[in-house]
Amino acid sequence: MMARFKGRFVRQQEKDRRVQLSELVSDRNVADHTKNTEATDTYQSIWLPGERRIFEPYQVSKDLKAGCTDCGSTLHITDIVTKTNCGLGFIMYILCECGSMNAIKSGKVHHDAAKFKTRPIFDINSKAAIAMYDTGLGEHKTNRFLADLNIPGISASSLAKREKEVSRSIKKVTDESLDRSLEEEKNASFSSTNEETENIPIKIKYDMGWQKRGSGRKYDSMSGVGVAIGNETGKVLEREIRSKNCRTCSYWEGKGTEAAHHDCPRNWYGTSKGHGT
């Protein structure tokens, strides 16, 4: 059954919902746009005293000025009804005077390019994963840091997903950087030899290291990395990571079941001393 609401035809159920929400807004607002006691209590129940949040002022201001999706009226952050946390990002549900509920995101979002269809991913969560790679912090210390700032933390599972997401981009940028360094080393080697040949000899230096320091008598690190450094430019030309451990494989091996197909980091089955060879 159709009904008329503010000059538009909507379903009767939708009209009743909008009327009910509109009455709620009217009860919360006064003529000078100040809030009554009930609205203040509702606002304080959503935002705890001393609670801090990370948001993008430009993006939030832009979305609020864009107005309601139904009537186009400017939205006010104090008209928030509830919110949904999405890691370090959050979605605010703001009620317009027309009764329409509007979702305002705290910042920019994107979708995982490796998947066909995903929920919106807040950029701040991906940035947090990049910061963890850069600083070497783990999930526990990251959340302790956020807790000291009175900022709600992010779950370990969310961080793990974002780490996998950004690792693909980091690997791509790394490979491109290594290719450029190799070309620079070839050009520098050609200039130093002054020989007209297609095969340019390149001198390199090699070094490696373990994730876990050896004692001199015992070497049991689960992973190691080796790097080739150009003699002329001093830049890294190639790198190789060897790992004896995979959590997914170890989990299913403990259950006596073969693990399903996954991105397995285990590529070394020899001794830990052999990581650098």
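The values are calculated or read from the model by the stated rules, or taken from the named source; none is laboratory data. In this text the structure is predicted, and so the values were computed from the model without any measurement. When we count neighbours, we look across all protein chains shown, and the Cβ atoms used for this are built from the backbone with ideal geometry, even at glycine.
Report whether or not Ser181 is at pLDDT below 90 and assigned by TED's automatic domain parsing to the domain that holds Gly136. Answer is no for this residue. Residues in segment 235-248: is at least one in a helix (DSSP H, G or I), modelled with pLDDT under 90 and surrounded by 14 or more Cβ atoms within 10 Å (Cβ to Cβ)? Yes, segment 235-248 contains a residue that is in a helix (DSSP H, G or I), modelled with pLDDT under 90 and surrounded by 14 or more Cβ atoms within 10 Å (Cβ to Cβ). Within segment 123-152, the set of residues being hydrophobic (A, V, I, L, M, F, W, C) and either assigned by TED's automatic domain parsing to the domain that holds Ile91 or at pLDDT below 90 (or both) comprises Leu137 only.
Inspection of segment 110-119 finds no residue satisfying the criterion of being buried (at least 18 other Cβ atoms within 10 Å of the Cβ) and free of Cβ contacts under 8 Å to residues at least 60 places away in the same chain. Being modelled with pLDDT of 90 or more and outside the structural domain of Glu56 (by TED's automatic domain parsing), is that true of even one residue in segment 114-122? Scanning segment 114-122 turns up at least one residue that is modelled with pLDDT of 90 or more and outside the structural domain of Glu56 (by TED's automatic domain parsing). Within segment 81-99, being free of Cβ contacts under 8 Å to residues at least 40 places away in the same chain and surrounded by fewer than 18 Cβ atoms within 10 Å (Cβ to Cβ) holds for Val81, Thr82, Lys83, Thr84, Ile91, Tyr93.
Of all positions in segment 169-186, none carries a residue that is closer than 30 Å to Ile80 by Cα and either assigned to a loop (DSSP other than H, G, I, E, B) or of a type in the set (S, T, N, Q) (or both). Name the pairs: first residue in segment 136-151 and among the aromatic types (Phe, Trp, Tyr), second residue at pLDDT below 90 and in a loop (DSSP other than H, G, I, E, B), Cβ to Cβ under 8 Å, at least 6 apart or on different chains? Listed by first residue and then by second, the contacts come to Phe145/Leu137. Considering segment 173-185, the residues that are surrounded by 12 or more Cβ atoms within 10 Å (Cβ to Cβ) and hydrophobic (A, V, I, L, M, F, W, C) include one that is nearest to Val227 (Cα to Cα), namely Leu178.
Each residue in segment 250-277 was checked for being at pLDDT 85 or above and touching an Asp or Glu at 6+ places or on another chain (Cβ under 8 Å), and 2 pass. In segment 43-66, the residue that is farthest from Ala147 (Cα to Cα) out of those that are modelled with pLDDT under 90 and of a type in the set (Gly, Ala, Ser) is Ser45. The single condition among (1) closer than 19 Å to Ser45 by Cα; (2) in the same structural domain as Asp16 (by TED's automatic domain parsing); (3) under 22 Å from the mean Cα position of the chain (by Cα) that Leu95 does not satisfy is (3). Of all residues in segment 131-172, those being closer than 30 Å to Glu238 by Cα and crowded, with 16+ Cβ neighbours inside 10 Å number 8.
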